[in-house]
1. Could you please find all residues in the stretch 43-61 being assigned to a helix (DSSP H, G or I) and open to solvent by less than 10 Å² (accessible area, probe 1.4 Å)?
2. I'd like the full set of residues that are within 20 Å of the chain's Cα centre (by Cα), within 16 Å of ligand 1 (Cβ to nearest atom) and farther than 15 Å from Gly192 by Cβ, limited to the stretch 410-431.
3. Any residue at all in the stretch 373-381 that is at pLDDT 95 or above, among the hydroxyl-bearing types (Ser, Thr, Tyr) and assigned by TED's automatic domain parsing to the domain that holds Val526?
4. For residues in the stretch 347-360 being small (Gly, Ala, Ser) and away from ligand 1 (no atom under 16 Å from the Cβ), which is least open to solvent (accessible area, probe 1.4 Å)?
5. Can you pull out the residues in the stretch 346-404 that are in contact with a Pro (Cβ under 8 Å, 6 or more places away or on another chain) and among the hydrophobic types (A, V, I, L, M, F, W, C)?
6. If I ask for residues that are without any contact (Cβ under 8 Å) to a residue 24 or more places away in the chain and outside any helix (DSSP H, G or I), which ones from the stretch 64-84 would you list?
7. How many residues, within the stretch 85-129, are open to solvent by less than 40 Å² (accessible area, probe 1.4 Å) and either in contact (Cβ under 8 Å) with a residue 24 or more places away in the chain or in a helix (DSSP H, G or I) (or both)?
8. Among the numbered conditions (1) open to solvent by 10 Å² or more (accessible area, probe 1.4 Å); (2) at pLDDT 90 or above, tell me where Ala228 comes up short.
Amino acid sequence: MKRLAWLVPVAVAAWLLPYGLDGYAIHVADVAVIFAILAVGLGLTMGVAGQINLAQVAFFGVGAYAVAILTTQAGFGFWAAAALALLIAMVFGILVGIPALRMQSHYLGIVTLGLALAFTNWVTNADIAGRAEGISDIPVPPLFGVDLSSGYLFYYVELVVFALALAFALLVTRSPLGRRLRAMRDDDLAAGALGAQIPLLRMTAFVLSGLYGGVAGVLYAGLIRFVAPESFNIANMFLLLAMVIIGGRSSILGCVVGAVALTLLREALLDASGYAQLGYGLVVVLVVVFAPRGLAGLPGQLRLLLRRRRGDGSRAQLGAFLPYEPAPSDAGGNALEVRAVTKRFTGLTALDGVSLTVPAGQIRGIVGPNGSGKTTLFNVISGFYTPTQGSVLLRGQDLTGAAPYRLSLCGVARTFQNLRLFEDLSVRENILVGLDRTPTSWIWRYPSLPWKVLGYERTLRARAGELIERFGLADVADADPRSLPYGIQRRIELARAMAMSPSLLLLDEPAAGLNGEEVRQLGEIVRSIRDSGVTVVIIEHNMGLVMSLCEQVTVLSSGRVIADGRPAEVAVHPDVVAAYLGDSMSTPSEAAVEEASR
Ligand code: ADP
Ligand code: MG
């Protein structure tokens, strides 16, 4: 909160601003505030949640037209019409967001652009929307006798609305929801495995977009009291996009700066508007190429550059792991049961009737040549794939085909063969994503109980601090994961999985790329995790580690279980030896077998 102290003088300046402005200038300021609200909404959807939304200007139009139609043709008062307009804009947000459930990135951009064009087309042709002439005579919003037809007084109404809109956006971005949205933007698969309900989060992003667009539209209708199609056309969409990209799409304050700057620039260049369009285009391209995070991202980019030059990241040190308190294994029974699971991809059977049972508190190894279906098995257990046949039970509960976020909330945590850290989040934030165990239905608390959200965030931060200490990550807690050596990234992914307080931990080749000492530490960490009461299933090629760590090993080959038993027995099983001879991977070394059988 202290970091926001500078907002106070800015707010005072904004409050005093009208005293220095003439009638025209205050009108420009009024328009700038409206664009700032639009830009904040677009920043939330596009920058924070990563949903390319080119329909923001249509949400703006829906809000403004809804007020215009309801007040002039349905006899509603201004504020009743405004409330309905916000609802309509949010519903429109949901409609435009539906395609996001099936497609992402530029495809989504094209579809949302199409929907925005459809909107302009409709208002240009529909009688109810006044066709090309638009709708005039929208009433002046009444406000306890204050005359809001004055641009000066309207400015203060806008300022209050803007402050609320900004505060809400900052609350969202600086809280668990915003972090989940950013995690989803970075890597939706990993975010799902960490408990984020992706479809609902995407819809949330579009509803927020609709809400901010609607708010801006209502203010516009109250300010200008006239709506016409050209105010909501594609040129304005691109101006809005330019504001967000130049300001810095993932920074809400950057979006505000971009909006104010470009509104002023547009006024200054009014006589040369053709060249101005060209100019915006050029600046946007330059920003995208040289400062992808916009003006707001420049300080961070410079810091990163300096740090890289000094080589801080690669000198980072892992601290010692502080073992967990051992917990007496209470449960008994089976942590995981895979029953006759078959998974077919077109033309390929990756898993063929695989069954395995992992008792609670065990460390189970899964080995097998490359392509034998080990990762596919994890993908089935963690909900990424629905098995073609068979079922998966967790502590006796059938959860076959449940979505990853549900399994995550039921206690399944996993790591990935090819690390999937959220690269735009710091190490601490990666861990915070794992710590957040709230269901998505918690979203309603953001508007209704914001202080609870902030309290929860504080608890999470305290727990993140403890976990960072435990995993020896204090040195790198605020670093960008990309800048760190591979061994540290693997440790972070393990810490992030443990942040979920799982009962079943799935590790997919956690020793890949680690040096000897790091592998030894990994063995210690996994043992401590098990001793704390977590069941561990580990896919691993490092036979020394498998032999010394696992109580039982399951061998897969071409999607089938070919052996299952104690490590020393399995290693000499004739089918296993045969399967491994056909693969470039090394067979278990004799020394390792000997060590394990002792
Ligand atoms: P492992 O982890 O044991 O090396 P995988 O489970 O990754 O093996 O892969 C098993 C087989 O399934 C491979 O032949 C792989 O190409 C195939 N496979 C895995 N995922 C898919 C997918 N999404 N679509 C098609 N084939 C897949
Ligand atoms: Mg694999």
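1. Those that are assigned to a helix (DSSP H, G or I) and open to solvent by less than 10 Å² (accessible area, probe 1.4 Å): Gly43, Leu44, Thr45, Gly47, Val48, Gln56, Val57, Ala58, Phe59, Phe60, Gly61.
2. So the first thing to find is which residues in the stretch 410-431 are within 20 Å of the chain's Cα centre (by Cα), and the list is 412-416, 418-431.
Filter again for within 16 Å of ligand 1 (Cβ to nearest atom), leaving 414-416, 418-420.
Matches in the stretch 410-431: Asn418, Leu419.
3. Yes, some residue in the stretch 373-381 is at pLDDT 95 or above, among the hydroxyl-bearing types (Ser, Thr, Tyr) and assigned by TED's automatic domain parsing to the domain that holds Val526.
4. Among them, the one singled out is Ala360.
5. Leu351, Val380, Phe384, listed by residue number.
6. Ala74, Gly75, Phe76
7. 16
8. The one condition Ala228 does not meet is (1).
The values are calculated or read from the model by the stated rules, or taken from the named source; none is laboratory data. Note that the structure is predicted; figures quoted are calculated from it, not measured. Counting neighbours? That spans all protein chains shown, and the Cβs are built from the backbone with ideal geometry, glycine included. Heads up: the accessible areas ignore ligands, DNA and RNA and are worked out on the full protein's heavy atoms, side chains in. Shrake-Rupley method; radii C 1.70, N 1.55, O 1.52, S 1.80 Å.
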